[in-house]
């Protein structure tokens, strides 16, 4: 990778944040042939559900933006592993509990909170809590807590498909494994870009701009979901 291409990393990350929310109506729910397959499945069919879980995570722009915010200023792999593990524990728990125990949450509201989580992490990265409120929330607990919310977001996409109870447990475990694999794939790509970008002398200035864009993207996602919620209640 040349120095010129490295200098574009910050712009790519910032552009990604806005591009991902440019067409939120498309969302990242399970649709088309994938939805038809899931709804028609009877019995355990593990590999397709692993694939669907991975695909869902890789195309889940809100989850990816949150992960980007979480690892933005983490420079050591053990810290990345710690925070991503806490996020995974959170979303795995509520994904499985939400589907297997049929815990109902409003999809618009949970997705609005997911949008808020993106804005929260960008605000945190900008030092907003210290500057505005004079204190720093526990970042690990925040990542775990928002992980729980993200898991409910995943669960609502599956609940909308009226899944068969025949083979539900192994299929949901397989789907969750796929989600983790997709997250690992996406995280690897993000870390490659971030590692290259951090070597540039202008990273600090560009990082501030990128987090402002991510902050805006989070609020746009939240606003879109709240608009859907209130228009649906009208």
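Springs join every pair of Cα atoms under 10 Å in this Gaussian network model of the chain, and among 70, 118, 105 the largest mean-square fluctuation is at 105. Of the candidates 219, 49, 37, which one comes out as most mobile in a Gaussian network treatment of the chain with C-alpha springs shorter than 10 Å? The residue with the greatest mean-square fluctuation here is 37. I'd like the orientation of helix 168-198 relative to the chain: the angle between its Cα long axis and the longest Cα principal axis, in ° from 0 to 90, rounded to 10. Computed tilt is about 10 degrees. Over the chain, the fraction of Cα-Cα pairs per 5 Å bin, rounded to whole percents and listed from the shortest bin up, is 1, 7, 14, 18, 19, 16, 12, 7, 4, 2, 1, 0. Across q = 0.16, 0.24 Å⁻¹, region 127-179 modelled as identical point scatterers on its alpha-carbon atoms has Debye log10 I(q)/I(0) values of -0.63, -0.97, in the order of the q list.
Mind pulling the angle between the C-alpha long axis of helix 107-125 and the longest principal axis of the chain? Nearest 10 degrees, somewhere in 0 to 90. Long axis of 107-125 versus the principal axis of the chain: about 20 degrees.
May I ask for the angle, rounded to the nearest 10°, between helix 46-58 and the longest principal axis of the chain, with both axes built from Cα atoms and the value confined to 0 to 90°? So the helix axis and the longest Cα principal axis differ by about 30 degrees. Which of 174, 209, 217 moves the most in a Gaussian network model of the chain with Cα springs under 10 Å? Between 174, 209, 217, it is 209 that shows the largest mean-square fluctuation. Over the residues of the chain, the helix contribution to mean residue ellipticity at 222 nm works out to -25500 deg cm²/dmol, using -39500 (n - 2.57) for each DSSP H run of at least 4.
Readers should treat all values here as calculations from the given coordinates under stated rules, not as data from a laboratory. Being a predicted model, the structure only gives us computed values, none of them experimental.
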